Amino acid sequence: MSIQYDLIALDVDGTLLTDGHVLTPAVRDAVREAASRGAEIVLCTGRGPTNALPVLAELGLSGTMITHNGAATVDADRREVIHQYAISGTELARFREYCLQGGYHFDINTAFDLMIEGITTEAEAMYGRYEVKPVWRD
């Protein structure tokens, strides 16, 4: 008996790619096969779309991506935000102050950017491991 899925959501960071951020031929072939049978492939990532767009292109697919652990949904073809959870400026300011007082690294994501106002050596190493390039903002 054959099972047909209408939609398959794949976690770029944990399911689709290896720990070395590589898309294996077996996984690539399986995803392409599912897409050729009509399944909509949705990529999910805890990071931003710039990390997942090359994977989508390597698969030869296009469509919707759920990014930032569900905080934003992006149309990969048009590179437009379909939906994004908003944080009020007041709440953001409170969280920023909490991080500053505790000596915690602070950054903020929009649908397409990760913004920082300062960076430590440790934070720079962390971003490097995830191939993330934050944007500096005052």
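Laboratory data are not the source of any read-out in this text; all were calculated from the coordinates shown. As the structure is a prediction and not an experimental result, all values here were calculated from the model. Ideal geometry is used to build each Cβ from the backbone, glycine not excepted, and the neighbour counts take in all protein chains shown.
With the cut-off at 1.5 for a/c, could you classify the chain from its C-alpha gyration tensor as rounded, prolate or oblate?
prolate
Quick check: the angle from helix 25-36's long axis to the longest principal axis of the chain, C-alpha only, nearest 10 degrees?
70
Where does the charge balance sit around ALA35 when Lys and Arg score +1, Asp and Glu -1, over other residues with C-beta under 15 Å from its C-beta?
Neighbour charge sum, excluding ALA35 itself: -3.
Multiply the residue separation of PHE95 and SER36 by 0.36 nm, subtract the distance between their alpha-carbon atoms, and state the gained length in nm to one decimal.
In short, 16.7 nm is gained.
Quick check: the angle from helix 89-102's long axis to the longest principal axis of the chain, C-alpha only, nearest 10 degrees?
Tilt relative to the chain: about 70 degrees.
Using θ = phi - 60° and the Karplus curve 6.51 cos²θ - 1.76 cosθ + 1.60, what whole-Hz ³J(HN,Hα) does each residue of region 116-123 get, with Gly and Pro shown as x?
So the J values, rounded to whole Hz, are 10, 10, x, 8, 9, 4, 5, 5.
Work through the residues other than LEU114 whose Cβ is under 13 Å from its Cβ and net out their charges, Lys, Arg +1 and Asp, Glu -1.
Its environment carries a net charge of -2.
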